[in-house]
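In what follows, a structure is listed as structure tokens, so that the remarks can point back to it.
Taken together, the values in this text are just the output of simple stated rules run on the coordinates, not laboratory data. A quick note: this is a predicted structure, and the numbers were derived from the prediction, not measured. A quick note on method: Cβ atoms are made from the backbone with ideal geometry, for glycine too, and the neighbour counts reach across all protein chains shown.
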Amino acid sequence: MLAHPLLPKLRLLRLSGMVHTLDLRASQATEQQLSPIEFLALLLDDELDRRQQTRMARRLAQSFCDATKNLARFDFAAAPGVNRTAIQELATCGFIARHENVLLCGPTGVGKSHLANALTYEALKRDLRVLMRNTQQLLRSLNASRANGGYQRLLARVLGVDLLVLDDFGLQPINAQGAQDLYDIINERYERGSIMLTSNRAFEEWAEPFANDLLASAALDRLTHHAHIMRLRGKSYRQRHRLEEVPPADPA
């Protein structure tokens, strides 16, 4: 079958999914006495699967999502503050269609970023456009892009995705330009596109990183309207799984 006359034609048409499974499907068709239409349907399914995998890989890379941090790997038993039913509802991504926000707050290590990653991955599986970035890194990238002429292009991407995920909000102080940029993003996406935000600050402290009471009030008013707010609690996952220190040996 390696010299099958279909192979060069499939390669010319860039049907690599069919190319890679042609031998297998031809043997299967002979053994199971499949009709030509059934044989073709199998090949088309292979091509569609290959394209879906390629598209998913590309979107994963563009979104900065970590696919290993999915819902299947989240330890709900170790996170008593997480409402599993609510998370499963969010995983349907209906909140994105409704342009609602998701705000996850709680101490370090309780699973906020993992949950954000997991919900991002669910959105990607539904062919939604997603961007997940550390809040401070995104603001620095926006500011740096002003110097190289890429600001409008980056801003358009930030505003154009179906779900924007801002991780670790408030971990570091935000300068005046960053506060203005963050407000502009929240304002432009208000009731147009969903934002998911994680923070290890108590919700009442979220205004502090802005260092601008007026901007903070306006931004948080928009951010919390139509929002699912989850307060996570518990001990740090990393601290729970830290290797115990080996006590020094007694001197001989």
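Six or more apart or on different chains, Cβ under 8 Å: which pairs go from a residue in the range 114-143 that's under 17 Å from Cys93 (Cβ atoms) to one that's among the basic types (Lys, Arg) and not in a helix (DSSP H, G or I)? Could you list them?
That search, which allows pairs on different chains as well, returns Asn117/Lys69; Ala118/Lys69; Tyr121/Lys69.
Determine the pairs where a residue that is in contact (Cβ under 8 Å) with a residue 12 or more places away in the chain, located within the range 83-95, has a partner that is of a type in the set (Ser, Thr, Tyr) with Cβ atoms under 7 Å apart, the partner being 6 or more residues away or on another chain.
Matching pairs, first to second residue: Phe95/Ser194.
With the structure loaded, tell me whether Ala147 is assigned to a helix (DSSP H, G or I), touching a strand residue (DSSP E or B) at 6+ places or on another chain (Cβ under 6 Å) and aliphatic (A, V, I, L, M) or whether it fails that test.
Values: assigned to a helix (DSSP H, G or I): yes; touching a strand residue (DSSP E or B) at 6+ places or on another chain (Cβ under 6 Å): no; aliphatic (A, V, I, L, M): yes.
When the stated conditions are applied, Ala147 does not pass them.
Just give me the residues in the range 157-214 being of a type in the set (Ser, Thr, Tyr), in contact with a strand residue (DSSP E or B) (Cβ under 7 Å, 6 or more places away or on another chain) and either surrounded by fewer than 21 Cβ atoms within 10 Å (Cβ to Cβ) or part of a helix (DSSP H, G or I) (or both), in sequence order.
If the condition is that a residue be of a type in the set (Ser, Thr, Tyr), in contact with a strand residue (DSSP E or B) (Cβ under 7 Å, 6 or more places away or on another chain) and either surrounded by fewer than 21 Cβ atoms within 10 Å (Cβ to Cβ) or part of a helix (DSSP H, G or I) (or both), then no residue fits.
Looking at Thr54, Thr30, which one is within 22 Å of the chain's Cα centre (by Cα) and either part of a helix (DSSP H, G or I) or not hydrophobic (A, V, I, L, M, F, W, C) (or both)? Before you say what the answer is, go through the steps one by one.
Values: Thr30 fails: within 22 Å of the chain's Cα centre (by Cα).
Just a single option satisfies the conditions, and that option is Thr54.
Count, please, the residues in the range 1-45 that happen to be surrounded by 16 or more Cβ atoms within 10 Å (Cβ to Cβ) and on the phi > 0 side of the Ramachandran plot.
Residues flagged as surrounded by 16 or more Cβ atoms within 10 Å (Cβ to Cβ) and on the phi > 0 side of the Ramachandran plot within the range 1-45 amount to 0.
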